[in-house]
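Heads up: the structure comes next, in structure tokens.
The values are calculated or read from the model by the stated rules, or taken from the named source; none is laboratory data. On a predicted model such as this, the values are computed, not experimentally measured, just so you know. We place every Cβ from the backbone using ideal geometry, glycine too, and count neighbours over all the protein chains shown. We work out accessible area using only protein heavy atoms, side chains counted, and drop any ligands, DNA or RNA first. Shrake-Rupley method; radii C 1.70, N 1.55, O 1.52, S 1.80 Å.
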Amino acid sequence: MSIAAFIEQRRSIRAFRPDPVDRRLLDDLVEAACLAPAPHHSRPWRFVVIDSDAGKQALADGMGARWRVDLEGDAVDPARIDELVTASHTKLTTAPALVLACLTWDGLDRYPDETRQRAEWGMALLSLGAAVENLMLGAADAGLASCWVAAPIFCPESARDALALPTEWLPHALVLVGYPDPAYVARQRPPIPLDVLRANR
Ligand SMILES: Cc1cc2nc3c(=O)[nH]c(=O)nc-3n(C[C@H](O)[C@H](O)[C@H](O)COP(=O)(O)O)c2cc1C
């Protein structure tokens, strides 16, 4: 298969068979992630592989509690809050494995001004996206399903503290990993409107 076809074939799959994923396979995915391009030869990422019930539960509880506070602040109906938080909790605790991608300042440049400091962190964040894409492509190559979940970027400290991670590890992306439920049908991809998304000069 061509690389283009392979990239097209990767889909976000949100339903899994209950089978566990071998730790070595999960480590291979983390290694693939770590081959991503990164600013000035840094690797400003840390990956937490979570496949224990206790770990999944702790992360889901910690982020769920934070989300509940945010939704209450938005004056969302309490029944709806319960529904949303429970669905998110179930999604995390029923996935066979989770990989939590964190950012760290280790290896990044420091600037005295806020503007360049923010740009440096932005570069790290871009590279984390490339790393997560590598991880998901590696998963697809291994016959695994994966889906990126945004939650930790909204509550990095809650995610970090839920798993007792070092203070300087800031969770920014979560990937659910497992063997795909064969009944799952991926959402239809909209066509790519190149004339809107691309400019020629
Ligand atoms: C930064 C980011 C955050 C995402 N967050 C979620 C999420 O919280 N829940 C979810 O089901 N999918 C999430 N996704 C997956 C997207 O919905 C999915 O990539 C998109 O719909 C395109 O589908 P595809 O990956 O199958 O091509 C996220 C993707 C990205 C890149």
Handout entry: Residues located in segment 152-172, provided they are surrounded by 22 or more Cβ atoms within 10 Å (Cβ to Cβ) and either aromatic (Phe, Trp, Tyr) or within 12 Å of the ligand (Cβ to nearest atom) (or both)
Key = Pro152
Handout entry: From the options Pro44, Pro78, residue that is in contact with a strand residue (DSSP E or B) (Cβ under 9 Å, 6 or more places away or on another chain), modelled with pLDDT of 95 or more and not small (Gly, Ala, Ser)
Key = Pro44
Handout entry: Residue ID - nearest to Leu59 (Cα to Cα), chosen from residues in segment 174-195 that are within 17 Å of the chain's Cα centre (by Cα) and within 11 Å of the ligand (Cβ to nearest atom)
Key = Leu174
Problem - Residues (within 16 Å of the ligand (Cβ to nearest atom), of a type outside the set (Gly, Ala, Ser) and open to solvent by less than 90 Å² (accessible area, probe 1.4 Å)) located in segment 1-28 - result: Phe6, Ile7, Arg10, Arg11, Ile13, Phe16
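Here's the yes/no breakdown for (1) in contact with a Phe, Trp or Tyr (Cβ under 8 Å, 6 or more places away or on another chain); (2) open to solvent by less than 90 Å² (accessible area, probe 1.4 Å); (3) at positive phi:
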residue: Ile81; (1), (2), (3): no, yes, no
residue: Ser88; (1), (2), (3): yes, yes, no
residue: Leu92; (1), (2), (3): no, yes, no
residue: Val99; (1), (2), (3): yes, yes, no
residue: Arg118; (1), (2), (3): no, no, no
Exercise for the section: Check Phe47 against each of (1) without any contact (Cβ under 8 Å) to a residue 12 or more places away in the chain; (2) under 17 Å from the mean Cα position of the chain (by Cα) and name the one condition it does not meet. Expected result: (1)
Exercise for the section: Say whether the condition of being aliphatic (A, V, I, L, M) and more than 11 Å from the ligand (Cβ to nearest atom) is met by at least one residue in segment 111-119. Expected result: yes
Handout entry: Yes/no for Thr104 being within 16 Å of the ligand (Cβ to nearest atom) and of a type outside the set (A, V, I, L, M)
Key = no
